[in-house]
Structures are given as structure tokens and as C-alpha cells.
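Q: Got a structure for you, questions after.
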Amino acid sequence: MDFDDTPDEAAFRAEAVSWLEKNAELKKPGEKTAGGLERDDPDTIAAAKAWQARKADAGWACITWPKEYGGRGGTSIQNVIWGQEEGRYAVPPNMFMIGLGMAGPTLMAHATPEQQKRWLPKMIRGEEIWCQLFSEPAAGSDLANLRTSAVRDGDDWIVNGQKIWTSGAHYCDWGIVVTRTDPAVRKHAGLTYFVVDMKSPGVACRPIKQISGGANFNEVFFNDARIPDTQRISEVGNGWAVAITTLMNERSSIGGGGVGGGVGFRDLLDLASSVELDGRPAIEDGAIQEKMADYYVRQKGLQFTSNRALTALSRGETPGPGGSIGKLVAAKMRQEMAALAMELQGEVGGLLDTQLTADEAGWQQAYLWAPGMRIAGGTDEIMRNIIAERVLRLPPEPRIDKEVAFREIPTG
Ligand SMILES: Cc1cc2nc3c(=O)[nH]c(=O)nc-3n(C[C@H](O)[C@H](O)[C@H](O)COP(=O)(O)OP(=O)(O)OC[C@H]3O[C@@H](n4cnc5c(N)ncnc54)[C@H](O)[C@@H]3O)c2cc1C
């Protein structure tokens, strides 16, 4: 397979590299990308905002967004090339994924020109950060089961209910929220989509402590919160269609990448070669070799699956639902690799101290982060359902509550 850049792609890459060289420092050899979720301190946020603004000024902030919305009007493959090149530099973490990757494309597709003008420019420059208020205690994989209600009151909507797992809600300025505006119709039909000011009265965040020690998630409570009707996106009752736009963009922005931490197969091989098991380098042990061979094969499978998607992008096509395979395989594999790495590290394997553990505790971070990656953006089981139904064309799951009025669906 030939994955050389086309002449156009090579020219774009050269332009990107030339700008990056002048504006950022290359990562030091062996320097890892920031892993885990602990990146919400004010200095990191300020640095991330400054980097985003600098990219926006130079036209690198939103490669695929159309020019009329302030983007570069580039192609998806150019976006991939930019990501590859930017990834080689020591730049602040990207805190704008929900805004730029999900809320922005949704607003471009469904919002009014006034709404787009209000939110998109500040989103591109990183001046305002966005969160996604979709999941609820009884609505995750089955998002259309959500219960947060919005009731019209003059020019406003009064919102009551609870969201959960809202990443970054505590430092975000705006949120995209799906609410139930009509419980008398079937569950997908009674939903309406809004943008909410996260600092408005009646919106309260409560952090959820994570296994890693950080607290990037939140519960978000709406207690008679008022959302102006001017912040409604699309028609009343059309929330499901708008939410699907967000979810499609979520899948493509987290796709097969981003499974936490910066450690990989090569680091595990180095570790297995440098530590001892029963008086010999661990890599000489048959059981370790068997595991390493298995990870190598899976890693190659992922690489070729990703190459197929890149080929589609390079040809201007849209990669198919096969992309679901990437996250499913990668997240589980990294969890297994991290567990092996911690085992190989012996007594220090259970420590999070970056001074005491190899790879700056990257394996420990990857291990603690892995269960979340197997859930976020669609759980393993949901990914398997997608692969079964849309890739393998197996018969769909029975969905018996699809045509029933929401308020008549029995609840536990
Ligand atoms: C790191 C992380 C970040 C997140 N950030 C956000 C965010 O910013 N905003 C937001 O709104 N949400 C966020 N979430 C929530 C995430 O979208 C949900 O956790 C996810 O959709 C799963 O929903 P749930 O937790 O309610 O689990 P459930 O849907 O209740 O699933 C419970 C179990 O049942 C299984 N299951 C459910 N349905 C089926 C089915 N049809 N077939 C087979 N098995 C099934 C699931 O696979 C799972 O094992 C985040 C989650 C994580 C882990």
C-alpha cells in the first residue's frame, strides 16, 4: 500500500510544518503527550486558549470548517495531516474538542445565522469553551430516554432535571443540551435542543471524583433554569435530528484515536526488554513474547483499518461505520497492555508517582483512563451493535419502545 502524500498533500504538510516550526517547540525525544484528564488548572486553560487564538489568527484552527464560518475550507485529509504534524510539537492540550468537533458542526447545520454569528467566532478562537449535556442517570446509550424537561414560559424555557458525566462543565462557558419538551409523543419525537449559558442561575455543577484522583466529570443540575428561546437550536421537537448531528461528529472526532496517555507498543517492548523476570530479561519469557505478539498483530490490524479510512479521506470519500472497530479494539488493547506494563514494573507498578515509575506513570494513567475510553462515545457493546448491524448487516436489535408515547413507557 502506498501512503505517500499526493503533491497537494505534501505542499499542505510543508506549509503546516513551516508555521509550526516558527510558533512551537518540537517535543523532546521520548516526551509523552499529556495523558489522563487532569488538565483543568487555570494555567493550562489559559495556555490552551492562547494557542487556539494563535492558530485561529493564522488560519490553522479549524481546517475543515467552511471559510464563511471562519474555517480554512480544507479537506478531511488536510485535517489529519495537520493533526499528525501538530502532534509532534509540545503544545497545550486541546480543550476545544466538544466545541469545535461537535457543537460547531451542529450549529453550522442547524442554527440560525444570528446564532452562528454569536457563537462560532469565539468558539474558533478558543475564547469560550463548550461542554455536552446529553447523558443523564437513566439515559446514556439510550439517549432518547432522557427526562430533563423544558417548558415554555413566554420568551424563555424553564428547564429542570439532571445531567451526568458532563466533561469540563465546571470550566465551560456554554453547553449543548437536549431536553424533553413533549412527553406525550414517542420518545425520539418529543425532544428539543438548546444552547445553555453554564453560568446562568439555576445551573449547578457538582464534580465527580475519578479513579485517577482528578474530577473532570460533573453532575449538572437544572433547577428552574431559564434558557431564552433565542438559544433554541432548530424547531421544537426536532432535537433528536440535531443531537444525531452532534453524535455523528462525536464519533468522527474521537474515532479510533485518543485512547489516553502517550505510551504505546514500542514503549511496552522497551519496558519488557529492560526489566527482569526470573533472572532474565522479561522479553525472553515465552508468555510475555506471546502477549507481545498478540498486541503487535492487533496493532497492525488497527493501523491498516486506519489506513483504509485515511485512503477514503484522501479520495474525498467518507469513511464508513467500520471506524467503530478502531475504538473497540484500541481501548481494550491499551487496557491490557497497561495492565501488563504495571505487572512488569513490579512493586512500583501500583504507584502513580511520575518520578518512581517508567514513562512518567504513563502506563498507570493509561490503565486508569482505559475503562472510560471503553464507555465514552459509545460503549464496547454499542460499538459491537453498530458493527453487527451496519457493517455485517445482521438483523437489528428489537426496539420495542420506539413507537410508544414517552410517558407510557414503563419505568422501574
Ligand atoms: C470519559 C467519559 C467522558 C464522557 N463525557 C460526556 C460528556 O461530556 N457529556 C455527556 O453527555 N456524556 C458524557 N459521557 C457519558 C457517556 O456518553 C455515557 O457513559 C455512555 O453513553 C454510556 O451510557 P451510560 O453510562 O448511561 O451506560 P448505559 O447506557 O446505562 O450502559 C450500561 C451497560 O449496558 C450496556 N448496554 C446498554 N445498551 C445496550 C444495548 N442496546 N446492547 C447491549 N448492551 C447495552 C452498555 O454497554 C453498558 O455496559 C462520558 C463518559 C465517559 C466515560
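Q: Residue under question is G101, and the condition is that it be small (G, A, S), part of a helix (DSSP H, G or I), within 12 Å of the ligand (Cβ to nearest atom) and modelled with pLDDT under 95; does it hold?
A: Spelling it out, G101 is indeed small (G, A, S), part of a helix (DSSP H, G or I), within 12 Å of the ligand (Cβ to nearest atom) and modelled with pLDDT under 95.
Q: Quick one: how many residues across region 209-225 are β-branched (V, I, T) and surrounded by 17 or more Cβ atoms within 10 Å (Cβ to Cβ)?
A: Counting residues in region 209-225 that are β-branched (V, I, T) and surrounded by 17 or more Cβ atoms within 10 Å (Cβ to Cβ) gives 1.
Q: I want to confirm something. Restricting to region 110-137 and keeping residues that are near the ligand (Cβ under 10 Å from one of its atoms) and touching a residue at least 60 places away in the same chain (Cβ under 8 Å), which single residue is surrounded by the fewest Cβ atoms within 10 Å (Cβ to Cβ)?
A: Ranking the candidates gives F134 first.
Q: Quick check on region 343-366. Is at least one of its residues within 16 Å of the ligand (Cβ to nearest atom) and not in a strand (DSSP E or B)? Full working, then the answer.
A: Initially, region 343-366 is screened for residues within 16 Å of the ligand (Cβ to nearest atom), giving 365-366.
Applying the additional criterion that residues be not in a strand (DSSP E or B) yields 365-366.
Yes: region 343-366 contains one or more residues that are within 16 Å of the ligand (Cβ to nearest atom) and not in a strand (DSSP E or B).
Q: Mind counting the residues in region 165-182 that are surrounded by fewer than 20 Cβ atoms within 10 Å (Cβ to Cβ), over 20 Å from D401 (Cα atoms) and more than 8 Å from the ligand (Cβ to nearest atom)?
A: 3
Q: Determine, yes or no, whether A370 is assigned to a helix (DSSP H, G or I), surrounded by 19 or more Cβ atoms within 10 Å (Cβ to Cβ) and out of contact with any helix residue (DSSP H, G or I) (no Cβ under 9 Å at 6 or more places or on another chain).
A: no
Q: What number of residues in region 146-164 are touching a residue at least 60 places away in the same chain (Cβ under 8 Å) and either touching an Asp or Glu at 6+ places or on another chain (Cβ under 8 Å) or within 12 Å of the ligand (Cβ to nearest atom) (or both)?
A: 10
Q: Go through region 367-412 and give me each residue that's more than 8 Å from the ligand (Cβ to nearest atom) and among the polar types (S, T, N, Q).
A: Within region 367-412, T411 is the sole residue that qualifies.
Q: Quick one: is D401 assigned to a loop (DSSP other than H, G, I, E, B), at pLDDT below 90 and out of contact with any strand residue (DSSP E or B) (no Cβ under 7 Å at 6 or more places or on another chain)? Can you show your working first?
A: Values: assigned to a loop (DSSP other than H, G, I, E, B): yes; at pLDDT below 90: yes; out of contact with any strand residue (DSSP E or B) (no Cβ under 7 Å at 6 or more places or on another chain): yes.
So D401 passes the test.
Q: Out of the residues in region 12-33 that are assigned to a loop (DSSP other than H, G, I, E, B) and crowded, with 16+ Cβ neighbours inside 10 Å, which is modelled with the lowest pLDDT?
A: My answer is K32.
Q: How many residues does region 47-76 contain that are in a helix (DSSP H, G or I) and farther than 20 Å from P92 by Cβ?
A: 4
Q: Kindly indicate whether any position in region 214-232 is more than 16 Å from the ligand (Cβ to nearest atom), closer than 24 Å to M95 by Cα and touching a residue at least 60 places away in the same chain (Cβ under 8 Å).
A: Yes, the conditions are met somewhere in region 214-232.
Q: In region 73-109, what count of residues is obtained for those that are surrounded by 23 or more Cβ atoms within 10 Å (Cβ to Cβ) and either at positive phi or without any contact (Cβ under 8 Å) to a residue 24 or more places away in the chain (or both)?
A: 0
Q: Can you pull out every residue in region 120-142 that is over 17 Å from the mean Cα position of the chain (by Cα) and closer than 30 Å to A184 by Cβ?
A: The answer is E136, P137, A138, A139, D142.
Q: For region 317-333, indicate whether the set of residues that are among the β-branched types (V, I, T) and within 13 Å of the ligand (Cβ to nearest atom) is non-empty.
A: No: zero hits.
The values are calculated or read from the model by the stated rules, or taken from the named source; none is laboratory data. All values derive from a computational prediction rather than experimental measurement. Please note: Cβ atoms are built from the backbone with ideal geometry, for glycine as well, and neighbour counts cover all protein chains shown.
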